[in-house]
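The structure appears below as structure tokens.
The values are calculated or read from the model by the stated rules, or taken from the named source; none is laboratory data. Remember, it's a predicted structure, so these values are computed and weren't measured experimentally. So basically every Cβ, Gly included, is an ideal-geometry build from the backbone, and we count neighbours across all protein chains shown.
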Amino acid sequence: MLIDKNKSASGNEHIDPRQWVKKYADYLYTYAVTRINDEEQARDLVQETFLAALEKVKNFEGRSSESTWLTAILKNKIIDIYRKKSSGLLKKTDVADAETAQKDFFDPDDGHWNEEFRPREIGVEEDLLVSAEFSIIFQKCMEKLPALWSSVFAMKHMDEELTENICEALKITPSNFWVIIHRAKLNLRACLQKNWI
């Protein structure tokens, strides 16, 4: 009996591990490095993703594309990194300190910006925001954030995770989440205003 080289052990014809590096390595690397800001660790995570996928190839049911499946595996590995980096970084006093520090910026009743601190229009063309230069500056600003803040921001605004999923994954409360996300936004805004605008 001849075995079709394009079929996985589960019989799925849509998966071809021999092509993963060629087809997905660059994308997965970029995905990882923009979230963890560490090139060497991003390369390691891509390799670990391929190894984990090889171990699970029999379980791939083809309900998503090969690319989506590999990205999901990588995403879980990145969340593990976030957990390790942020474990024990948040103290109860951090929340109280953050709320005190932010009372000038946000209305305590509705959480919206107070008028004098409301972000102003940036005044740059939208296509510039996706430029390589902006991406480099944004990454450098992300690197300046504490690990937990960076993790929360990346999960919320880059991966578009639900708040409850972020809280569960990083073992933080919803009130901690909102304090962290506000602090991260304030710091990123200040950094971008200083270095980009």
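Conditions (1) of a type in the set (S, T, N, Q); (2) within 21 Å of Thr34 (Cβ to Cβ); (3) modelled with pLDDT under 90; (4) surrounded by 15 or more Cβ atoms within 10 Å (Cβ to Cβ), marked per residue:
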| position | (1), (2), (3), (4) |
| --- | --- |
| Ser131 | yes, yes, yes, no |
| Ser135 | yes, yes, yes, no |
| Lys140 | no, yes, yes, no |
| Ala154 | no, yes, no, yes |
| Ile166 | no, yes, no, yes |
| Leu170 | no, yes, yes, yes |
| Ile181 | no, yes, no, yes |
| Ala184 | no, yes, no, yes |
- line: Within segment 48-74, the residues that are part of a loop (DSSP other than H, G, I, E, B) and among the basic types (Lys, Arg) are Arg63
task: Could you grab me the full set of residues in segment 156-191 that are in contact with a Lys or Arg (Cβ under 7 Å, 6 or more places away or on another chain) and of a type in the set (D, E, K, R)?
output: Asp159
message: Please go through segment 149-168 and give me each residue that is touching a Ser or Thr at 6+ places or on another chain (Cβ under 9 Å) and farther than 18 Å from Gln139 by Cα, ordered by number.
response: Ile166, Cys167
